[in-house]
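Please read the structure below before turning to the comments.
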Number of protein chains: 2
Amino acid sequence: MRSYNVAVVGAAGLVGHKILEVLAERGFPVGGLTLMATARSAGQTAEFQGRKVTIQEAQPELFDRVDLVFFAATGAASQNLAPEAVRRGAVVIDKSATFRMTEGVPLVVPEVNQEALDGHRGIIASPNCSTIQMVLVLAPLHRARPLKRVVVSTYQAVSGTGREAVEELDAQTRDLLAGRPATANVYPHQIAFNILPHIDKFTPDGDTLEEIKMIQETRKIMSLPDLPITATTARVPTRVGHAESVNVELAGPLAPEEARAILSAAPGVTVVDDPSANLYPLPIEAAGRDDTLVGRIRRDQSVPHGLNLWVVSDNLRKGAATNAVQIAETLVARKLL
Amino acid sequence: MRSYNVAVVGAAGLVGHKILEVLAERGFPVGGLTLMATARSAGQTAEFQGRKVTIQEAQPELFDRVDLVFFAATGAASQNLAPEAVRRGAVVIDKSATFRMTEGVPLVVPEVNQEALDGHRGIIASPNCSTIQMVLVLAPLHRARPLKRVVVSTYQAVSGTGREAVEELDAQTRDLLAGRPATANVYPHQIAFNILPHIDKFTPDGDTLEEIKMIQETRKIMSLPDLPITATTARVPTRVGHAESVNVELAGPLAPEEARAILSAAPGVTVVDDPSANLYPLPIEAAGRDDTLVGRIRRDQSVPHGLNLWVVSDNLRKGAATNAVQIAETLVARKLL
């Protein structure tokens with residue numbers, strides 16, 4: 001089997017580490033491995049298949065002879081370096097929001113729209129964490145009964161922000177339990193024992209960019225440019241695992257048991273839905289898994305064909321690293337790499 | 001000014017304590033004060049206006065010569081003892097769900113429907129915490145443009161369950177931070193660093209009773225028996241302050257700035273809505289306040305006249321004690337006590 005020279009930009013971060021972990025777990029045919037980060041993190045090491053690899057400062061020359069680059073760094077890094085990598089012949093899988101809505105850049109969740117990879121021009125975008133887990137559930141429902149409208153509210157873990165946010169949650173929690181005040185650096189307010197209805201920047205209309213991403217990316221991935229959808233995104237004091245309360249209105253009747261059957265058969269989705277046994281998706285149980293959990297599937301009586309669903313996924317795995325690695329696997333399978 | 005002999009059933013609990021605190025703060029004319037609880041808590045004391053009052057085991061005879069009883073105990077206590085209290089001439093303000101949907105029992109949020117108190121038959125119900133804060137915001141919007149549909153998802157604090165849940169959250173959090181496993185007793189799963197889409201019992205349809213309460217109680221309080229409304233309720237690892245992501249569809253256009261003006265003028269509601277300054281309602285800031293905070297008021301583009309709102313309130317105060325004490329004040333003002 002052919003192997004590929006792989007690079008990871010942002011290799012010092014939570015998602016960068018997770019990409020290395022998932023590449024190894026899934027046995028992706030990694031030939032050479034180049035790890036990059038900012039100057040600040042250069043010289044650190046990250047582990048791949050039990051060996052330590054030194055992280056270098058990211059620069060265009062390092063992309064020479066690289067087949068595939070995962071960008072798991074800032075939007076600025078993707079903006080500056082992804083075109084350089086493509087120019088040098090690499091295919092880029094970008095975890096940042098930079099190119100997601102760019103015409104001609106495939107935005108891919110392999111279980112949902114892998115055919116969008118065909119004819120790519122070097123950069124492939126992986127969607128926002130909160131979008132990925134939602135479309136995994138929406139797409140199979142939509143194939144059964146077209147979606148008329150989606151209303152989603154999220155409960156997002158701090159690891160989505162990065163390692164320093166996880167550390168801040170822990171530090172604030174320790175301080176508050178000890179009767180000391182909490183210090184906020186990463187977020188504008190205390191996150192421990194609190195909820196922030198604020199993820200990413202605000203637009204002039206009062207939406208957050210996270211909410212806009214969920215709307216626009218869902219429409220692009222599902223090829224439904226006019227899908228009526230609204231989102232409210234909130235950060236909660238959990239470490240890993242985003243939860244979503246998803247309300248859908250469908251074009252025709254779909255009983256909860258039918259929705260359960262459809263979702264049980266959907267790739268990447270596991271139905272966890274037995275309330276009588278206290279079984280429903282939980283962030284602590286989704287953490288470490290690659291599948292997206294869905295439960296609390298029930299009728300919404302407020303519209304003719306409404307359903308409520310509760311969707312939980314590991315935001316670092318399927319929401320980031322796993323989806324990116326699956327894109328790589330799909331590129332190989334479709335002979336696009 | 002006339003004073004009233006007051007009793008509190010459930011005086012050892014979080015809400016019972018908070019009722020005593022709020023009665024004192026607001027200068028309710030308390031004459032005699034009788035505190036009751038289960039046999040297990042009898043003999044404990046609770047503080048009222050700086051003096052310690054001994055809690056007695058609840059029994060019918062203790063309601064003799066009592067004018068007003070707050071029930072802040074279990075549904076079973078209300079079921080058994082509230083009719084006894086009424087028979088002995090007391091007026092009951094019941095915080096439990098027992099009589100809320102009973103025909104002829106007023107279910108009251110004074111800012112919204114205090115006229116429902118007229119003609120009461122001795123028992124007045126105070127709504128569920130998550131309902132109260134929502135109707136405070138829905139009612140003024142509805143008067144401006146009739147509500148067509150409501151979709152709500154909640155983020156509820158553990159103090160809504162009681163003192164033992166707050167202790168469990170703290171104990172689990174300490175254990176997990178120390179690398180020890182968490183033990184769950186109060187909830188079926190770990191609540192620390194987790195989210196449970198499960199509040200109160202499940203119905204055969206897969207809704208929780210908390211969700212059913214939000215639907216039915218909102219309809220009753222607002223006298224809109226057919227209001228299309230659906231709810232998803234979740235417990236989050238916060239101590240005090242329920243948050244709600246409220247999506248409304250109105251019968252006519254209402255610009256966010258107009259909604260802000262209406263809500264700024266609404267009694268019991270404070271608008272906190274300046275995203276550019278990171279100002280939006282937070283549980284830790286709602287805690288200890290009697291007003292309900294609303295912010296993130298913005299257009300929902302997925303329907304013709306949609307709005308999203310983020311509503312936060314202290315579930316022990318306006319969600320429980322303050323609303324009950326306000327009902328008592330309103331009874332006095334309307335000469336119904």
*asked:* Please determine whether any residue of the stretch B:300-317 is more than 13 Å from every other protein chain (Cβ to nearest Cβ), crowded, with 19+ Cβ neighbours inside 10 Å and part of a helix (DSSP H, G or I).
replied: yes
*Qualifying residue in the stretch B:122-138 (condition: farther than 24 Å from B:Lys18 by Cβ and surrounded by 17 or more Cβ atoms within 10 Å (Cβ to Cβ))*: yes
_Please pick out the residue among B:Ser245, B:Ser223 that is outside the structural domain of B:Val15 (by TED's automatic domain parsing) and surrounded by fewer than 20 Cβ atoms within 10 Å (Cβ to Cβ)._
B:Ser223
_Of everything in the stretch B:249-276, what is facing another protein chain (nearest Cβ under 9 Å) and either in a helix (DSSP H, G or I) or under 23 Å from B:Leu227 (Cα atoms) (or both)? Give them in sequence order._
B:Pro256, B:Pro275, B:Ser276
_Checking the condition surrounded by fewer than 24 Cβ atoms within 10 Å (Cβ to Cβ), within 8 Å of chain B (Cβ to nearest Cβ) and of a type outside the set (Ser, Thr, Tyr), which residue from A:Gly295, A:Gly288 passes?_
A:Gly295
*Would you pick out the residues in the stretch A:212-232 that are facing chain B (nearest Cβ under 9 Å) and either within 20 Å of the chain's Cα centre (by Cα) or among the small types (Gly, Ala, Ser) (or both)?*
A:Ile215, A:Ile229, A:Thr230, A:Ala231, A:Thr232
*Could you look through the stretch B:159-207, keep only residues that are touching a helix residue (DSSP H, G or I) at 6+ places or on another chain (Cβ under 8 Å) and hydroxyl-bearing (Ser, Thr, Tyr), and pick out the one that is nearest to the other protein chains (Cβ to nearest Cβ)?*
B:Thr173
*For the subset of the stretch B:97-118 comprising residues that are of a type in the set (Asp, Glu) and within 17 Å of B:Val332 (Cα to Cα), which member is surrounded by the fewest Cβ atoms within 10 Å (Cβ to Cβ)?*
B:Asp118
*asked:* For the list (1) at pLDDT 95 or above; (2) surrounded by fewer than 14 Cβ atoms within 10 Å (Cβ to Cβ); (3) farther than 28 Å from B:Ala266 by Cβ, I need the number of the one condition that B:Met1 fails.
replied: (1)
*Lone qualifier among B:Thr238, B:Thr154 - being closer than 20 Å to A:Ala192 by Cα, of a type in the set (Ser, Thr, Tyr) and more than 8 Å from chain A (Cβ to nearest Cβ)*: B:Thr154
_Unique residue being among the acidic types (Asp, Glu) and buried (at least 24 other Cβ atoms within 10 Å of the Cβ) when the list is B:Asp94, B:Asp67_ = B:Asp94
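Residues are listed down the side, and each one gets a yes or a no for (1) outside the structural domain of B:Leu293 (by TED's automatic domain parsing); (2) out of contact with any Ser or Thr (no Cβ under 9 Å at 6 or more places or on another chain); (3) surrounded by fewer than 24 Cβ atoms within 10 Å (Cβ to Cβ):
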position	(1), (2), (3)
B:His142	no, yes, yes
B:Ser159	no, no, no
B:Glu167	no, yes, yes
B:Ala184	no, yes, yes
B:Pro204	no, no, yes
B:Ile215	no, no, yes
_Options B:Ser264, B:Ser276, B:Ser302: the member that is hydroxyl-bearing (Ser, Thr, Tyr), over 29 Å from A:Val150 (Cβ atoms) and assigned by TED's automatic domain parsing to the domain that holds B:Val240_ = B:Ser264
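The values are calculated or read from the model by the stated rules, or taken from the named source; none is laboratory data. Here the structure is a predicted model, which is why all the values come from computation and not from measurement. In this analysis, Cβ positions are derived from the backbone assuming ideal geometry, glycine residues included, and neighbour counts consider all displayed protein chains.
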